[in-house]
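Report on the structure given below.
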Amino acid sequence: MTVSLQAPSPELDLNRPPASGAAPTGAGLGSDVRQQLQTWRDAFDQSFAQPRQTGEDDTPMDVLGIRIANAPFALNLADLAGLLPAMTPTPYPADAPGLLGVIGHQGQVLPLYDLQSLIGLGAAPPARWWVVTRAAALALAFEGFDGQWRLTRQDRLQQTDAAGTGLAVRCGGHLRPLIDVAALIAGIADRTGAGNGPAHHL
């Protein structure tokens, strides 16, 4: 059984890029969008008070359904610290694979990476959404956001997938590979090395 906590409102086009110059705090967005973003952020905060949900036991797991290369994927909410509408990142003079630039978030300068590139699907078109990771000071950009769901063990299936955790989740009408954010962070750290470029925040 899949229980939707906060699926996108049908009146909102969450895959539409925000207006140029929009601030991640919600300035320039409609009141309905700002309210929905605040609801999701509250859900993030609530999830942090709970033990990390890895999907390896019977504990319900909260996930975000996202789109990469127009295909459905999922992220474990426990791996994330924030969800933001995309803006234009500041260029950074480095050639790290997938690095799009740097962004400002809550007083920090974070490297921004193309999630589609990191999972081996090539460079993405301009992103519409960013997530900030919980385990490291960096952000990931992706194409589309489908919603948020709480999943039982019955909604998590074993699979073999180089882009995921070995798990797929059933939500939002799709079977979605669950992306291993921890492995992506480890890969970025291995490629950049401590102190080289914005990823030294790792």
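The values are calculated or read from the model by the stated rules, or taken from the named source; none is laboratory data. Quick caveat, the model's predicted, so the values are computed rather than measured. A quick note on method: Cβ atoms are made from the backbone with ideal geometry, for glycine too, and the neighbour counts reach across all protein chains shown. These accessible areas exclude ligands, DNA and RNA; they are computed on the full protein's heavy atoms, side chains included. Shrake-Rupley method; radii C 1.70, N 1.55, O 1.52, S 1.80 Å.
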If you count, for each residue, the other Cβ atoms within 10 Å and average over each peptide, how do 116-125, 136-145, 98-107 line up from highest to lowest?
136-145, 98-107, 116-125
Amide H to amide H under 5 Å from Tyr113: which residues, 5+ apart in sequence or cross-chain, H placed 1.01 Å off N in plane?
Leu100, Ala139, Leu140, Ala141
Out of the total accessible area of the range 74-182 (probe 1.4 Å, heavy atoms of protein only), what percent is carbon and sulfur?
52
5 Å is the cut-off here: which amide hydrogens, built 1.01 Å from N in the peptide plane, fall below it relative to Gly82, excluding neighbours closer than 5 in sequence?
Val132
Probe 1.4 Å, protein heavy atoms only - accessible area per residue of the range 59-158 in square angstrom:
38
Trp129 long-range amide H proximity, modeled H, under 5 Å:
Ala86, Phe142
Run the numbers for Gln106 and Thr59: contour at 0.36 nm per residue of separation, minus the present Cα-Cα distance, in nm.
13.8 nm
